[in-house]
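As structure tokens, the structure follows; a few thoughts come after it.
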Amino acid sequence: MEDKNRILFSAQRQVVRRKVKYFQRVLSVCLLVCAAYLIWYRLDSRAAARKNQELQQIARQATVEESRSTVEGSGEEEAFSGEPAQDSGQEAEAETEEVPESVPETPQESPYITGYARLLQINPDLRGWISIPGTVLSLPVVQGSDNSYYLGHDFYGNEDRHGTIFVDCEGDLENGVFNTVIYGHHMRDGSMFGILREYRNEAFYKEHPSFFITLPMEEREYEILAVVRNDIFEGNQEEFQYYDYKQIADEEAFIAYCQALKKNARYETGVEAEIGDELVTLCTCDYGSSDQRLLVVGRRKTQKTESGNG
């Protein structure tokens, strides 16, 4: 009887050992996969950061003809034409190697992107440059023929999970009348529109009440009108859906959009919009759900001043 029990106990121990070894192997594989993913994620994020830094470097580098036109106050069209300057002699060669002192350290510090022509040569879909001073957001804005391509492609046209910040394919950033929507991924590493999540906190808004969009020859400041979370899941019966106002056609729709923003805003900003104002809606995913969007809506601050000056 004792021998039988001893044999049975030994068999049970072997079964337990096999199970333990199996779970150890599974755990080891899982740990290796997780470690490999973390390494890939960090390397991928660093590669994306390097590309963004490269674009920022291009954006703030002035070519000879750009710096000359800025100093002389003429030839604005030539400054962004991408045509090389026709200089001769050693002085011209020396000028090309130096960046003029007037060029700022970062593109968000300047009303103009001095390297716009070079960026446009890299990607003709370029529409401008967006930045929030004091944050990591300082990137080009493009516009494709649809709203899917730049979700998975970088500024150079390569496949990239970070994508590129882009204007809605039916929008008009330069000549927008009522509302222009700009999309960007909410990356966990804080890149692209990842910084927008900070606007869920009113304290962050108070430190960064505006965002800036730089066009070839003009910088525009947008005061933040509202920060809103919008649920877009199928079957949602809420009255407000931001995508119903991507292309606002009349004053009635504009008023309805502004009222919905104020009603659903996370906090009061004190900024009011009136008929004739231009709005830009920054749109990204919210981590609460894949069907939630975080909207940061800005009102163009300088528009009335510009129109008043003719």
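Nothing in this text is a laboratory measurement; each read-out follows from the coordinates by a stated rule. What you see is a predicted model, and the numbers here were worked out from it, not measured in a lab. All Cβ positions, even for glycine, are placed from backbone atoms using ideal geometry, and neighbour counts span all protein chains on display.
Annotation: amide H of GLN61 within the under-5 Å range of GLY115, sequence separation 5 or more or interchain, hydrogens built in the peptide plane.
Between ASP146 and ARG266, the C-beta separation translates, for a Förster distance of 41 Å, into a calculated FRET efficiency of about 0.85.
A crude spin-label estimate for the pair ASP231 and ARG42, with each label 7 Å from Cα along the Cβ direction, gives 3.9 nm.
Counted residue by residue at 0.36 nm each, then reduced by the alpha carbon distance between them, the extension gain from GLN292 to ASP244 reaches 15.8 nm. Working from label points 7 Å from Cα in the Cα-to-Cβ sense, the GLU221 to ILE255 distance is 3.0 nm.
If you take all other residues with their beta carbon under 12 Å from the beta carbon of CYS169, and give Lys and Arg +1 and Asp and Glu -1, the sum is -3. Compared with the direct C-alpha span, the chain from LYS206 to GLU54 gains 51.7 nm at full extension, assuming 0.36 nm per residue. Each label was represented as a point 7 Å from its Cα along the Cα-to-Cβ direction; for VAL20 and ARG161 these points are 3.7 nm apart.
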